[in-house]
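The values are calculated or read from the model by the stated rules, or taken from the named source; none is laboratory data. This one's a predicted model, so the numbers in the text were calculated from it and none came from an experiment. All Cβ positions, glycine included, derive from the backbone under ideal geometry; neighbour counts span all protein chains shown.
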Amino acid sequence: MAQRILVWDIPTRVFHWALALSFAIAFLTAETERYRDFHVTLGYLTLGLVAFRLSWGFVGTRYARFSSFTFRPAETMEYVKSLIQRNPRHYLGHNPAGAIAIFLLLGLTLLTGLSGALLYFDVGDDVFEDIHEAGANGMLAVIFIHIAGVIVSSLMHRENLVISMITGYKSSDHNLSISLPYAWLGVIMVVLMVAFLTWFQPADSGSSGDGSTASTKYED
């Protein structure tokens, strides 16, 4: 008999929605000088979020650990095939397709954030501008594919994956619930993010020889 079990701990959920919101706002503010500092602040925030998730992937709860969603290529191909046949295997945690999206997003966030920081400090000029733009566009593409996958999986398995990432709960015939939600850590994450966004001021990106502010890729 199906029962409601806790799958996603609170830190994992905070990370998921904070990264999604931070990227969305950073992407929308990328081309205006007016919000440049806020854009840069969000970039640093996303790097901090990824640093947390990389750590939590080793020491976190059962379904948050990388070991729970690191699949062999054959298993991933089998899952994709089952999707096409409209008979996919159900996973309580991330399925193989979702796992690929997670690893791609983590890698692309690091690439975009680091190249953005170097670009902000006028290191590499056009090279890092191209990398930064390509990384952001790559993230956007992966996000759209991920959303499509969530919709398809939700329909096929008749479960709302968006709601489960909000509440942390899923239905299962077996009691495979995580033991602790780590609410205290989620609260600390939120407090630190609010404090960072409130008080952090990006360092000056530098000045040119005549004392004027160094140029960046941002334009009004």
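Residues in region 178-189 that are surrounded by 13 or more Cβ atoms within 10 Å (Cβ to Cβ) and either farther than 14 Å from T12 by Cβ or of a type in the set (A, V, I, L, M) (or both): I178, L185, V187, I188, M189. Looking only at residues of region 53-72 that are in contact (Cβ under 8 Å) with a residue 40 or more places away in the chain and surrounded by 19 or more Cβ atoms within 10 Å (Cβ to Cβ), we find that the one that is farthest from T198 (Cα to Cα) is Y63.
Going by the conditions given, is R86 on the phi < 0 side of the Ramachandran plot and among the basic types (K, R)? The answer is no for R86. Condition check for H16 on (1) part of a helix (DSSP H, G or I); (2) in contact with a Gly (Cβ under 8 Å, 6 or more places away or on another chain): one failure, at (2).
Exactly one of (1) over 16 Å from the mean Cα position of the chain (by Cα); (2) of a type in the set (A, V, I, L, M); (3) closer than 30 Å to A203 by Cβ is unmet by L111. Its number? Going through the list (1) over 16 Å from the mean Cα position of the chain (by Cα); (2) of a type in the set (A, V, I, L, M); (3) closer than 30 Å to A203 by Cβ, L111 breaks only (1).
Would you confirm whether any residue within region 174-197 is in contact with a Phe, Trp or Tyr (Cβ under 8 Å, 6 or more places away or on another chain), closer than 16 Å to A18 by Cβ and outside any helix (DSSP H, G or I)? So far as region 174-197 goes, no, none of its residues is in contact with a Phe, Trp or Tyr (Cβ under 8 Å, 6 or more places away or on another chain), closer than 16 Å to A18 by Cβ and outside any helix (DSSP H, G or I). If we scan region 161-173, do we find a residue that is touching a helix residue (DSSP H, G or I) at 6+ places or on another chain (Cβ under 7 Å), part of a strand (DSSP E or B) and not acidic (D, E)? Within region 161-173 (the criterion being touching a helix residue (DSSP H, G or I) at 6+ places or on another chain (Cβ under 7 Å), part of a strand (DSSP E or B) and not acidic (D, E)), the answer is yes, since at least one residue qualifies.
Checked against (1) at pLDDT 95 or above; (2) over 30 Å from N175 (Cα atoms); (3) crowded, with 18+ Cβ neighbours inside 10 Å, T12 passes all but condition (2).
Residues considered: L42, L47, L83. Of these, the only one that is surrounded by 15 or more Cβ atoms within 10 Å (Cβ to Cβ), in contact with a Ser or Thr (Cβ under 7 Å, 6 or more places away or on another chain) and either at pLDDT below 90 or closer than 26 Å to R13 by Cβ (or both) is L42. Applying the criterion of being surrounded by 15 or more Cβ atoms within 10 Å (Cβ to Cβ) and among the acidic types (D, E) to the residues of region 124-158, the residue that is modelled with the lowest pLDDT is E129.
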